[in-house]
Every structure is written in structure tokens, then in C-alpha cells.
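This report concerns only the one structure given below.
The values are calculated or read from the model by the stated rules, or taken from the named source; none is laboratory data. Computed from a predicted structure; not experimentally measured. Cβ coordinates were reconstructed from backbone atoms using ideal geometry, including for glycine residues, and neighbour counts include every protein chain displayed. Heads up: the accessible areas ignore ligands, DNA and RNA and are worked out on the full protein's heavy atoms, side chains in. Shrake-Rupley method; radii C 1.70, N 1.55, O 1.52, S 1.80 Å.
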Amino acid sequence: LVHSPESLANHEIELQGLDVRKAQASVPADRDMILCRIKDPEAFNCSLKALLFDPTSGLVTAWGVHLSAITLVTEQAVEAAID
């Protein structure tokens, strides 16, 4: 669960280390079926990391922006409720 920019930053190293070849499934045959459909696991990993970490369009960048905005609005709402 990513509930703050800090949480996202804390898990970034784990996300950077994602490797489709290390995937797990409750049914081993499912894992094997999925992995056999990925022709180039290294290219898949690179594409996945680009999807997550591209500085202009990556999901982590987008999440960070949105989480920061949500955090700011929440803090302002709490302050307004206290005043």
C-alpha cells in the first residue's frame, strides 16, 4: 500500500529490483505459462521499469505528484477543522 510520498520512496529500491523471472504464483503452472509468453525477460524488465520510473511519464512520478497534492489538501483540511 502506497499511502504517502515517504512510503513510495521507502519502497523504490524494491520496485527497482523487480524481475519477472523471480515472479511467484500460487499455481506453478500459471507462472510457467506466463513466463513462457515473455520472449525477452530482460527487455520486459526494462519496459516495466520505464513504465514505473520514467521521470516525465512514469507511474512513480505521477503517484508522487498526486500523493503530495493529497497530503497537502488533507493537512489543510485538518488545519481548517481545528481553527
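Screening Glu75, Glu6, Glu12 for residues that are surrounded by 10 or more Cβ atoms within 10 Å (Cβ to Cβ) and at pLDDT below 70 leaves exactly one candidate, Glu75.
Name every residue in the range 47-69 that is open to solvent by 100 Å² or more (accessible area, probe 1.4 Å) and at pLDDT below 70, in order of residue number. Answer for the range 47-69, where residues must be open to solvent by 100 Å² or more (accessible area, probe 1.4 Å) and at pLDDT below 70: just His66. Of the residues that make up the range 15-23, is at least one modelled with pLDDT of 70 or more and in contact with a Pro (Cβ under 6 Å, 6 or more places away or on another chain)? Checked against the condition, which is being modelled with pLDDT of 70 or more and in contact with a Pro (Cβ under 6 Å, 6 or more places away or on another chain), the range 15-23 yields at least one hit. Scanning the range 17-42 for residues that are outside any helix (DSSP H, G or I) and open to solvent by 90 Å² or more (accessible area, probe 1.4 Å) yields Gln24, Ser26, Lys39.
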